[in-house]
2 protein chains.
Amino acid sequence: MESPTRFELLAELQGTLARRGRLHTPHAVIETPVFMPVGTQATVKTLSPEEVSTIGARIILSNTYHLHLRPGEEIVAGAGGLHRFMNWPHAVLTDSGGFQVFSLASMRKITEAGVEFRSHISGEKRFLGPEESIHVQNALGADIIMAFDECPPYPAERDYVLQSLQRTLRWARRSQAAHERSDEQALFGIVQGGMAADLRREAAVAMTEMDFPGYAVGGLSVGEPKPLMHDMLEVTTPLLPRDKPRYLMGVGAPDDLFEGVLRGIDMFDCVLPTRIARNGTVFTANGKAVLRNAQYARDYLPLDEDCDCYVCRHYSRAYIRHLLKAEETFGIRLTSYHNVSFLVNLMDKIRLSIENGSLLAFRQHFYDRYGYNG
Amino acid sequence: MESPTRFELLAELQGTLARRGRLHTPHAVIETPVFMPVGTQATVKTLSPEEVSTIGARIILSNTYHLHLRPGEEIVAGAGGLHRFMNWPHAVLTDSGGFQVFSLASMRKITEAGVEFRSHISGEKRFLGPEESIHVQNALGADIIMAFDECPPYPAERDYVLQSLQRTLRWARRSQAAHERSDEQALFGIVQGGMAADLRREAAVAMTEMDFPGYAVGGLSVGEPKPLMHDMLEVTTPLLPRDKPRYLMGVGAPDDLFEGVLRGIDMFDCVLPTRIARNGTVFTANGKAVLRNAQYARDYLPLDEDCDCYVCRHYSRAYIRHLLKAEETFGIRLTSYHNVSFLVNLMDKIRLSIENGSLLAFRQHFYDRYGYNG
């Protein structure tokens, strides 16, 4: 069966692993590297689909665990799938639910079959294994779906990580076997292996043998030091097929985008921009700004003087600070819009800098202003 | 001094007091009768100014009491006034703060000078009288501002209402004297008088003598039966100048729009559409619908099958119910958008029905479907 997605490798930046590509999916053509905003519960928090599209995003991530529990995949399927349910005409990627089961649910019991857990919403007992996850994702109908995996905690004993990895590889095969819409949805495999270089290599090789149309690197940014995450990427991506997209799951701080791209990553997703926005924190070229601080009370400048997004063209820090203090939801809507724009625009510039060979210089320039020193 | 607003009386509906007019203000030309959405804290809750404009509104109300306490009028003035602060290019009306002082603040002490109260936000002691209210409203810079008044509670002793009315009339004169931007902002007077027909008449005559560019009817919809509100309107509006706009403050349920228009009202404002939206209740041609009810879980119809607003064109009841249950702010944004659209669209139809003489038949048709029987 031919994959419903196709990856074009357009250019590689000499001396780095950075790549410029184009991912064709049933609902959108996506320029890579790409940052994917997260719409956990079938909505990118506070934003309309038109706004997410105006920002420039053409693919978003939605969470299988959340949608399975509420409203339930059959209600989404009844609307004609996730795209129509949420009025998003572009591409969607759903995760497998594995990570959320481990991070949100209680009373988890892992067996070879899958994971028994209690819903963090209703408290009731539920079960999710490879077949269940793929069944849910087939019903949701995203362009890209993910194999069911276990994301081991950090730190973890090597023995546990090894056993977990072997199980994740078996679950990946069962995910492939369970997939009933491979003509419409591309199933990506996930490379686990904790913080052990040899296990990461083993996972990359084993997953590649299973021949997925794309590969994710999972289990990173789980509390480990950043240099360790970078090491794991460096041992993993060179072993993945050059002509397939590579997705670093749940990672997306500005520096992570640079460092991931330089290590061969094509796709990123992260709740960071919308999560910090709801606390009133915004990205700016000069680093993060905490808008509730009194210094912004009479500051009529835009959130980021270098940004030309809708928010920065029309609203002042003083106004947005007022909305946040007054607990008006329009305030977190404006900070969310700006933060998602910031990462999408940053990725636009990263793509351009791969094309014209200036990525390393651009990274240095960005870090200098942002106040990031590795 | 000529008023910065001008009211054109375009047509009157024979056999009723209903009028079709056009109010020219510095920032917008407003077709009347008009429903004005409320942006208490310099934002129509959950909506962007572009959305409020797309819905068709050209004038919104903002609350002087709230903006005085937070962020403070000097911060709004520093941005260039309320229009620029909130990115709303059309007309704004600010109330006097009187009503909010009585309904929200604690420890109120009324003297001839004004009202001493404790802020409902900080608890600190504040003072608002006619001069202070007008000073704040001059700084906010709305197109239409209101004289400082007292809105007596319901029920209230006749003696109290009489004394309160006399004080409100004196405050109205002091409001006129304190107004420093009468070339840019039109100051409207407010007719009080509680539920006593003779006091309402006395107030209407006395306010008319003060020659305001527009007149509000205040102190209604404060708990009295609707027929009593209608009686008070019927004794008041005929005594107000025919060539000046008449504004019924804080009133705006669908039936109130019909009944107010039929009694000579040109302007309405109400928090009802956005307030009930935040509880998940929406207006439909067939009456109000409570979206959290289980009956809507698999209902893929639009909120109101007769509505062609953005929300009804793109989203289902099932999706919006999911967002409300999941506590996603996009849910209350969609219900707010629809409810404000519903009242703005209803007023469009009311204006048309005044023009073509069908207002009474339209009211009957609307009430029959909506399930309203007076």
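Could you state, as a whole-number percent, how many of the C-alpha pairs of the range A:226-374 are farther apart than 23 Å?
Numbers: 4448 of 11026 pairs.
Roughly 40 percent, once rounded to a whole number.
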What are the extents of the Cα atoms of the range B:294-374 along their three principal axes, listed from largest to smallest and rounded to whole Å? 46, 22, 20
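For A:Ser53 and A:Ala197, FRET efficiency with R0 = 51 Å and r from the beta-carbon atoms, rounded to 0.05?
Details: r = 40 Å, r/R0 = 0.79.
So, using R0 = 51 Å, E works out to roughly 0.80.
Please state, as a whole number in µm²/s, the translational diffusion coefficient that the Stokes-Einstein equation yields for the range B:49-199 at 4 °C and 1.567 mPa s, with Rh defined as the Kirkwood radius across alpha carbon pairs.
On the way: Rh = 16.0 Å.
D, rounded to a whole number, is 81 µm²/s.
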Taking only C-alpha positions in the range B:254-339, Rg and Dmax in angstrom work out to 13.8, 44
Part-to-part distance (alpha-carbon centres) for the range A:120-172 and the range B:291-311, which is given in Å: 35 Å
By Cβ position, which chain B residue lies least far from the axis that rotates chain B onto chain A, and what is the distance to the nearest whole angstrom? B:Thr329, 2
Go through the cysteines of the protein assembly as shown and tell me which have no other cysteine Cβ under 4.7 Å away. A:Cys151, A:Cys270, A:Cys309, B:Cys151, B:Cys270, B:Cys309
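Between A:Glu224 and A:His314, what length in nm is gained on full extension when 0.36 nm per residue of separation is reduced by their alpha carbon distance? Please report the intermediate quantities before stating the final value.
Working: separation 90, 0.36 × 90 = 32.40 nm, distance 3.96 nm.
This chain segment gains 28.4 nm when fully extended.
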Where Rh is the Kirkwood radius over Cα pairs, Rg/Rh for the range A:132-269: 0.95
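Using the C-alpha gyration tensor of the range A:167-242, what are the square roots of 5 times its eigenvalues, in whole angstrom, with the largest one first?
Details: eigenvalues 113, 28, 25 Å².
Sorted largest first and rounded, they come to 24, 12, 11 Å.
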Counting only DSSP beta bridges with both residues in chain B, what percent are antiparallel, rounded to the nearest 5? 50 percent
log10 I(q)/I(0) for the range B:1-53, Debye formula on C-alpha points only (no solvent), q = 0.21, 0.22 Å⁻¹, two decimals, reads -0.89, -0.92
Over the Cα atoms, compute the radius of gyration (one decimal) and Dmax (the largest Cα-Cα distance, rounded to a whole number) for the range B:218-263, in Å. 10.3, 30
Charge dipole of the range B:146-295 built from unit charges on the beta carbon (Lys, Arg +1; Asp, Glu -1), centred at mean Cα; most positive-end Cα among B:Met232, B:Gly287, B:Met195 is B:Gly287
On a full-extension model of 0.36 nm per residue, what is the gain between B:Glu327 and B:Ile110, subtracting their alpha-carbon distance, rounded to one decimal in nm? 74.0 nm
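To two decimal places, what compactness ratio does the range B:1-113 give when its Cα radius of gyration is scaled by 2.2 N^0.38 Å?
Working: Rg = 16.5 Å, N = 113, 2.2 N^0.38 = 13.3 Å.
My calculation over the Cα atoms of the range B:1-113 gives 1.25.
So what are the range B:149-209's ellipsoid semi-axes, whole angstrom, largest first, if each one is the square root of 5 times an eigenvalue of the alpha-carbon gyration tensor?
On the way: eigenvalues 115, 25, 16 Å².
Equivalent ellipsoid of the range B:149-209: 24, 11, 9 Å, largest first.
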A convex hull over the alpha carbons of the protein assembly as shown yields, per residue, a volume in Å³ of 167 Å³
Just to confirm the numbers: B:Glu209, label point 7 angstrom along the Cα-Cβ line, distances to the other copies in nm, shortest first? 10.0
Between the range B:1-47 and the range B:185-257, what's the alpha-carbon centroid distance in Å? 15 Å
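What does the charge add up to near B:Glu124, with Lys and Arg as +1, Asp and Glu as -1, over the other residues with Cβ less than 13 Å from its Cβ? If you can, show how the numbers build up before the last one.
On the way: positive: B:Arg70, B:Arg118, B:Lys125, B:Arg126; negative: B:Glu116.
Neighbourhood net charge equals +3.
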Say the cut-off is 26 Å between C-alpha atoms; which of A:Lys45/A:Lys288; A:Lys325/B:Lys288; A:Lys109/A:Lys226; B:Lys288/B:Lys349; A:Lys226/B:Lys325; A:Lys125/B:Lys288 go over it? A:Lys325/B:Lys288; A:Lys109/A:Lys226; A:Lys226/B:Lys325; A:Lys125/B:Lys288
When the scattering of the range B:129-170 is computed by the Debye formula from its Cα atoms alone, each counted once and equally, what is log10 I(q)/I(0) at q = 0.15, 0.28, 0.33 Å⁻¹? -0.46, -0.91, -1.09
Place a label point 7 angstrom from the Cα of B:Glu209 along the Cα-to-Cβ direction, then list the residues of the range B:159-199 whose backbone nitrogen is under 13 Å away. B:166, B:169-170, B:173
So B:Asp368 and B:Arg158, fully extended at 0.36 nm per residue minus their Cα-Cα distance, gain in nm 71.8 nm
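Using only alpha carbons, build the gyration tensor for chain A and give me the equivalent ellipsoid semi-axes, biggest first, whole Å. Please report the intermediate quantities before stating the final value.
Working: eigenvalues 206, 122, 81 Å².
For chain A, the ellipsoid semi-axes come out as 32, 25, 20 Å.
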Copies compared at B:Gly287 - label distances in nm, ascending, label defined 7 Å from Cα in the Cβ direction: 6.0
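How high is the relative contact order of the range A:1-81, given as a whole-number percent (alpha carbon pairs under 8 Å, six or more residues apart)? Write out the running numbers ahead of the final one.
Values: 87 pairs, mean separation 16.3, N = 81.
Relative contact order here is 20 percent.
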Take peptides A:367-373, B:31-37, A:99-105 and line them up by average Cβ neighbours within 10 Å, highest first, as a rough protection proxy. B:31-37, A:99-105, A:367-373
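Compute the whole-percent fraction of alpha carbon pairs in the range B:82-123 spaced more than 11 Å apart.
Numbers: 614 of 861 pairs.
Considering the range B:82-123, 71 percent of its Cα-Cα pairs are separated by more than 11 Å.
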Using a label point 7 Å beyond Cα on the Cα-Cβ vector, give me the inter-copy distances for A:His230 in nanometres, one decimal, shortest first. 7.6
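A short reminder: the numbers here are calculations on the coordinates, not readings from a lab. Keep in mind that what you see is a predicted model, and the values were worked out from it rather than measured. We place every Cβ from the backbone using ideal geometry, glycine too, and count neighbours over all the protein chains shown.
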